[in-house]
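Taking it in order: structure first as structure tokens, then the write-up.
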Amino acid sequence: MESRSEEGCRRSPKDAAEDPARLTHDRDQLPAAAERGPGTDADAAVGVAFAAATMRKIQSQGVHHITLVGADRRTSIDFWEGVLGMPFVFEQPNLDNESESHLYFDPGDGRLITVFTNEQRTIDATRTSTDQGCVHHIAFSLSQATFAQTVERLDERGIRHSGVKDRGFMDSIYFEDPLGLLIELASYRFEPPFGHTHSDVLLEAHRLREERGDYNIAEIHLADAIELMTRRSRPSLSQDRSPKNPY
């Protein structure tokens, strides 16, 4: 596996760690205050500062899975598959707790929502904690076609919900699962240009919003962001690509 130095040259992590010139360069960047004599707190400061100067990120590449604590097995299957349509793809014991089963559901993108279940647990529909460090809600993506049917399909089950909420760049509906976890069903109001993601568009729309001093991302920012991104990424024979009126 290769990594790039600050100069853009290819080198292995081992080479980067053992290169005296690199180590000397990194030490030169440390604060002068950390260079006081040995046997003092300065030694610890040097160690911490040097580690910070040479550390690397642990780069994530997406959500692998989210695991929830459920009640009984049937409640989990009836909600995640029976309400939200997530295929129940496999089940095995919880490898860290033999008294629990571990259920796996596909939320639609090949990732996983998993649930620990125990037949001795009873349903508690109290809203789950929103204290610091707790999950506030989990959001799942819907097509506009499905989103348009969501209120009716929640109502026919007697599930209390928020109704449609305007989020500027998407529409959302909120309700609680049988165990009190807040669920959001969300549908984007735009499709990203070819070769881009929704988050690419949102980043560009955010920049436009800030430049214009607007409060939140709205559809005009999305439309303008998509136009800019298309211009940058898709070549044209035209020398002048400014807007025109042929009528």
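Laboratory data are not the source of any read-out in this text; all were calculated from the coordinates shown. Quick caveat: nothing in here was measured; it's all calculated off a predicted structure. All Cβ positions, even for glycine, are placed from backbone atoms using ideal geometry, and neighbour counts span all protein chains on display.
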Quick one: net charge of residue 159's neighbours, Cβ under 15 Å, K/R +1, D/E -1? -3
As computed over region 123-247, the Cα convex hull volume per residue (Å³): 172
Apply 1/(1 + (r/R0)^6) to the Cβ-Cβ distance of residue 141 and residue 97, taking R0 = 25 Å, and write down the FRET efficiency to the nearest 0.05. 0.20
By Cβ neighbour count within 10 Å, fewest first, 165, 57, 244 rank 57, 244, 165
